[in-house]
Amino acid sequence: MSGKDTGVLRLSGPVRIDTVTVLLQTSTPSFAQAQTEVDFSAVTDIDSSALALMLQWRREAESAGSTVRFIHVPDNIRVLAELYGVTFLLQEGSGVEA
């Protein structure tokens with residue numbers, strides 16, 4: 001993960017159940033920015049725990065009075081979001097890019 005002081009989180013490597021706790025702990029200060037952009041383009045492996053992480057980041061951003069935008073979200077996460085009924089995370093109006 002890099003760029004957290006600029007309002008951009010560039011995730012890299014795996015985003016799985018065994019890495020989401022560390023990602024959550026190290027990303028919280030980023031939400032002091034007016035808008036945080038989370039870039040999934042360098043993620044190498046991802047599982048459904050990424051959706052829980054995205055939901056938590058959204059809650060934390062809202063609590064801080066800021067917004068979070070997800071970009072380059074992998075297709076398998078889009079499918080899982082549909083399956084779990086959380087497609088609002090991926091809607092155009094929520095600031096998500098493919």
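With all pairs of separate Cα atoms included, the range 13-62 yields a Kirkwood hydrodynamic radius of 11.3 Å. Remark on Phe70: its backbone amide H falls under 5 Å from those of Val38, Val96, Glu97, a criterion applied only to residues 5 or more positions apart or on other chains, H modelled at 1.01 Å from N.
Average projection, convex hull of the Cα set of the range 4-94: 5.3 square nanometres. Using the Cβ of Pro14 as centre and a radius below 9 Å, the other residues enclosed give a net charge of -2, where K and R count +1 and D and E count -1. The order of Ser49, Ser41, Ser63, Ser30, going from fewest to most other C-beta atoms within 10 Å of their C-beta, is Ser63, Ser41, Ser49, Ser30.
One chain, two ends: Ser49 and Leu24. Fully extended at 0.36 nm per residue, the span grows by 7.9 nm beyond their Cα-Cα distance.
Counting only Cβ charges, +1 for Lys and Arg and -1 for Asp and Glu, the dipole size of the range 4-94 around its Cα centre is about 140 debye. The Cβ shell under 14 Å around Leu51 holds other residues with a net charge of +1, Lys and Arg each +1, Asp and Glu each -1.
Only the coordinates and a few stated rules stand behind these numbers; no lab work does. The shown structure was predicted, so the numbers you read here are calculated from the model rather than taken from an experiment. Neighbour counts run over all protein chains shown; Cβ positions are idealised from the backbone, glycine included.
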